[in-house]
Amino acid sequence: MIPFIVAITLFCAVMATIDIRYTFVVLMVLFIILPFAVFHIYFSKLLNNSTVRALALKYVEIRPDASIVITYLRQIDAEVEPEIAETEIIPSSQIKKILCSGRVIAVTSHSADNYTLIIPKESLSSEEIDTIISFNPVGNMDKID
């Protein structure tokens, strides 16, 4: 699809020297058609698994047995209740780094895709925040206030 758009653009650019209307066709291709092609390529080919997991609808459960349970949900239609797509359990031994800032807690695990789970502090109780902080490996605690 991209070579076709490039060919049309080059043809119209050459023809624009003859007639001004081809200039408008080139501009339409560049500013209307090409962005949609780039968005399609980005979302179909370049969006990697960790980004998809970060953007997915999910529930996070902090367990006192030193694990974090992430339940990913799949929602096909807005009127239908979301269904469970996948459940992932991150034990505290798999946690690489925890970063606490003013509004969020970022948990990075030792997974293949180096996924970072970002949890808003307002969605957690103070006991859950203390539990997450206790999961942190010694010497890897970063705190930003």
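The values are calculated or read from the model by the stated rules, or taken from the named source; none is laboratory data. This is a predicted model, so every value here is computed, not measured. FYI the Cβ positions are ideal-geometry reconstructions off the backbone, even for glycines, and counts take in every protein chain you see. Heavy atoms of the whole protein, side chains included, go into the accessibility calculation; ligands, DNA and RNA do not. Shrake-Rupley method; radii C 1.70, N 1.55, O 1.52, S 1.80 Å.
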- Query: Kirkwood Rh, the chain, all Cα pairs: how many Å?
  - Reply: 19.0
- Item | Accessible area of the chain belonging to carbon and sulfur atoms, whole % at 1.4 Å probe | 63
- Note on the structure: For CYS12, the accessible surface traced by a 1.4 Å probe with all protein chains present amounts, in square angstrom to the nearest 10, to 10
- Query: What is the distance in Å between the Cα centres of the range 51-70 and the range 6-43?
  - Reply: 44
- Query: What FRET efficiency, computed as 1/(1 + (r/R0)^6) with R0 = 41 Å and r the Cβ-Cβ distance, is obtained for ASN49 and ILE18, rounded to the nearest 0.05?
  - Reply: 0.25
- Message: I need the calculated FRET efficiency for the pair GLU61 and LYS97, taking r as the beta carbon distance and R₀ as 25 Å, to the nearest 0.05.
- Response: 0.75
- Item | Whole-number accessible area per residue in Å² for the range 9-133, which is evaluated in the context of all protein chains at 1.4 Å | 68
- Using modelled backbone amide H atoms (1.01 Å from N, in-plane), which distant-in-sequence or interchain residues come within less than 5 Å of SER101's amide H? ALA106, ILE144
- Springs between alpha-carbon atoms under 10 Å, Gaussian network over the chain: tell me which of ALA16, ALA85, ALA66 tops the mean-square fluctuations. ALA16
- trypsin sites (Lys or Arg not before Pro) within the range 20-124: which are DSSP loop residues with at most 16 other Cβ atoms inside 10 Å? ARG103
- Taking +1 at the Cβ of each Lys and Arg and -1 at the Cβ of each Asp and Glu, which of CYS100, VAL29, CYS12 sits farthest along the dipole of the chain towards its positive end, judged by Cα position relative to the Cα centre? CYS12
- How many lysine pairs are close in the chain, with Cα atoms under 26 Å apart and the two 8 or more places apart or on different chains? 10
- Message: Test of understanding: in a Gaussian network model of the chain with alpha carbons linked when under 10 Å, which of ILE118, ILE32, ILE129 would top the mean-square fluctuation ranking?
- Response: ILE32
- Task: Let me have the relative contact order for the chain, percent, based on Cα pairs under 8 Å that are six or more residues apart.
- Result: 16
- Item | Candidates per GluC sites (Glu not before Pro) in the range 1-109, loop by DSSP, up to 12 other Cβ within 10 Å | GLU79
